[in-house]
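The values are calculated or read from the model by the stated rules, or taken from the named source; none is laboratory data. None of the values given here were measured: they were computed from a predicted structure. For neighbour counting, all protein chains shown are included, and Cβ atoms are generated from backbone atoms with ideal geometry for every residue, glycine included.
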Amino acid sequence: MKRISILLSLTAFVILLLPQVSLAQQVFNENQGVWHGQVVEVLGDEVRVIPGTDTEHSFQTITAEVLDGPKEGETITIENDYLELKAGDKFYFLHNEYIDGTEDYGIINVDRKGSLLFLVGVFVFAVILFGGWQGVRSLLALAGSFFAIFYILMPGILGGLNPVLISVLVASVILFAAIFFTHGFNKESAVAYGGTMIAVFLTSLFAIFSVHLTDLSGFASEASTYLNFNTRGTLDFTALLLGAMIIGVLGVLDDIAVTQAAVVTELFNSNSALTRTDVYRKALRVGREHVGALVNTLVLAYAGASLPLLLHFYTASSSLSMSINTELFATEIVRAIVGSIGLILAVPIVTLLAVLYLKDYKPKHGHSHSHGHSHG
């Protein structure tokens, strides 16, 4: 019995020691890190079968110049199984150097900064060319939205604030910038902002109900899992999912709110004999058509973003009912439904406020913010 006890103790000691031995074999020096490189030449390019699967994948052997870090200026050889590259392409790679002197490199990403900056430039040029000064204001509002997300929303969530509450707060800031900076500080904008905030509040309540009804945890993607580890489990991922739904619906709410306020103003100014009830009924008809188009747009946008996911479930051996039941699929369904409900709520609310407060309002300029929607 004593011998068995000693054997168990030795086994436990070895198990505890193994991770330490493994770590000791993988001690890195100061060269370890992520660095920037550029392909000099592709030495080999072949297709291999990924071990354990029947899937083929491109595999390259390349030489590259190191553009920064301790080995800047040196030429290295890398085996690339990440993404097919050609001479001149820039990329980021991971460099590990071990205590026994061995080292390895692994490509982890392509350098897309130049391409992204070009596309951003095209976008800014198109917006200003088409929208003029109003386009400039819309870009400033967009910049304000990003500022609110990066410097209020994310630090607030990571700082321990409730994701739902901070998301509603940031939503109010984003909508203020989007509506007032783009469309001016006027009565129409005030009505659109007030109606949209009421819709955001009601949509948030419906989102809370929907997420808890479907028992969504917020761990629908790998990013959530990694974030949970990085924050040591301190975040409420269900609340984080709710916050993401609130932020995600703001753009279409802004669209429909501003349009409804402009439609009501135009109806009042086109025929002074119209009563508030008449205007409300006519504007609501326009809103119904607008909602129909935007709901379709919203659902298609989610479907397009989730196309690889849809294809994965389409080719999977599980049934459709089983696929829909997964958290990944259910999250997207709930997200689309919550956004659509938000749109539906916004139309009667904003239209009612506009009818009450815009009857004798005379805009100082044309309604260039009516988005050009034509409704028969």
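Among (1) touching a residue at least 24 places away in the same chain (Cβ under 8 Å); (2) surrounded by 12 or more Cβ atoms within 10 Å (Cβ to Cβ); (3) within 30 Å of Ile246 (Cβ to Cβ), which single condition is Phe147 missing?
For Phe147, the exception is condition (1).
Out of (1) among the aliphatic types (A, V, I, L, M); (2) part of a helix (DSSP H, G or I); (3) under 21 Å from Val191 (Cα atoms), what's the single condition that is false for Leu310?
(3)
I'd like to know if region 116-127 contains one or more residues that are of a type outside the set (Phe, Trp, Tyr), surrounded by fewer than 11 Cβ atoms within 10 Å (Cβ to Cβ) and assigned by TED's automatic domain parsing to the domain that holds Glu56.
no
So that you can scan it fast, the table gives a plain yes or no per residue for (1) exposed (fewer than 11 other Cβ atoms within 10 Å of the Cβ); (2) more than 28 Å from Leu165 (Cα to Cα); (3) touching a Lys or Arg at 6+ places or on another chain (Cβ under 7 Å):
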site	(1), (2), (3)
Tyr105	no, yes, no
Phe130	yes, yes, no
Trp133	yes, yes, no
Ser138	no, no, no
Ile152	no, no, no
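Looking at the structure I just gave you, is Thr102 more than 22 Å from Lys113 (Cβ to Cβ) and modelled with pLDDT of 85 or more? Walk me through it before giving the result.
Details: more than 22 Å from Lys113 (Cβ to Cβ): yes; modelled with pLDDT of 85 or more: no.
Taking the combined requirement at face value, the residue does not satisfy it.
Within region 169-185, can you find the residues that are in contact with a Phe, Trp or Tyr (Cβ under 9 Å, 6 or more places away or on another chain) and more than 25 Å from Ala262 (Cα to Cα)?
Within region 169-185, no residue meets the criteria.
So if I check each of Leu216, Leu227, which one is at negative phi and in a helix (DSSP H, G or I)? Spell out how you get there, then give the answer.
Values: Leu216 fails: in a helix (DSSP H, G or I).
The conditions single out Leu227.
How many residues does region 39-91 hold that are among the small types (Gly, Ala, Ser), under 18 Å from Tyr105 (Cβ atoms) and exposed (fewer than 14 other Cβ atoms within 10 Å of the Cβ)? Explain how you work it out, then say what you get.
Filtering region 39-91 for residues among the small types (Gly, Ala, Ser) gives 44, 52, 58, 64, 69, 73, 87-88.
Now drop any that are not under 18 Å from Tyr105 (Cβ atoms), which leaves 44, 58, 64, 69, 73, 87.
Now narrow it down to the ones that are exposed (fewer than 14 other Cβ atoms within 10 Å of the Cβ): 44, 73, 87.
Here the count works out to 3.
Of the numbered conditions (1) modelled with pLDDT of 85 or more; (2) closer than 26 Å to Gly101 by Cβ; (3) of a type in the set (A, V, I, L, M), Val42 satisfies every one except a single condition; which is it?
(2)
Could you tell me whether Gly88 is in contact with a Phe, Trp or Tyr (Cβ under 6 Å, 6 or more places away or on another chain) and assigned to a loop (DSSP other than H, G, I, E, B)?
Working: in contact with a Phe, Trp or Tyr (Cβ under 6 Å, 6 or more places away or on another chain): no; assigned to a loop (DSSP other than H, G, I, E, B): yes.
No: the conditions fail for Gly88.
Please work out which one of (1) surrounded by 13 or more Cβ atoms within 10 Å (Cβ to Cβ); (2) of a type in the set (S, T, N, Q); (3) not in a helix (DSSP H, G or I) is the condition Thr331 fails and give its number.
Every listed condition holds for Thr331 apart from (3).
In the set Leu169, Leu175, Leu165, which member is closer than 19 Å to Thr231 by Cβ and not acidic (Asp, Glu)?
Working: Leu169 fails: closer than 19 Å to Thr231 by Cβ; Leu175 fails: closer than 19 Å to Thr231 by Cβ.
After applying the criteria, what remains is Leu165.
Out of Leu142, Leu116, Leu129, report the one residue that is assigned to a helix (DSSP H, G or I), under 18 Å from the mean Cα position of the chain (by Cα) and at pLDDT 90 or above.
Details: Leu142 fails: at pLDDT 90 or above; Leu129 fails: under 18 Å from the mean Cα position of the chain (by Cα).
Just a single option satisfies the conditions, and that option is Leu116.
Could you grab me the full set of residues in region 63-84 that are hydrophobic (A, V, I, L, M, F, W, C), within 34 Å of the chain's Cα centre (by Cα) and at pLDDT 85 or above?
Ala64, Val66, Leu67, Ile78
Of Ile152, Ile166, which residue is part of a helix (DSSP H, G or I), touching a residue at least 24 places away in the same chain (Cβ under 8 Å) and either in the same structural domain as Ser224 (by TED's automatic domain parsing) or in contact with a strand residue (DSSP E or B) (Cβ under 7 Å, 6 or more places away or on another chain) (or both)?
Working: Ile152 fails: touching a residue at least 24 places away in the same chain (Cβ under 8 Å).
Result: Ile166 is the single residue among Ile152, Ile166 that is part of a helix (DSSP H, G or I), touching a residue at least 24 places away in the same chain (Cβ under 8 Å) and either in the same structural domain as Ser224 (by TED's automatic domain parsing) or in contact with a strand residue (DSSP E or B) (Cβ under 7 Å, 6 or more places away or on another chain) (or both).
Do we find a residue being among the aliphatic types (A, V, I, L, M) and touching a Ser or Thr at 6+ places or on another chain (Cβ under 7 Å) anywhere in region 139-151?
Going residue by residue through region 139-151, those that are among the aliphatic types (A, V, I, L, M) are 139-143, 148-149.
Remaining after also requiring touching a Ser or Thr at 6+ places or on another chain (Cβ under 7 Å): 141.
Taking every residue of region 139-151 in turn, at least one turns out to be among the aliphatic types (A, V, I, L, M) and touching a Ser or Thr at 6+ places or on another chain (Cβ under 7 Å).
Residues in region 281-293: is at least one more than 24 Å from the chain's Cα centre (by Cα), among the β-branched types (Val, Ile, Thr) and under 27 Å from Leu358 (Cβ atoms)?
Checking region 281-293: at least one residue is more than 24 Å from the chain's Cα centre (by Cα), among the β-branched types (Val, Ile, Thr) and under 27 Å from Leu358 (Cβ atoms).
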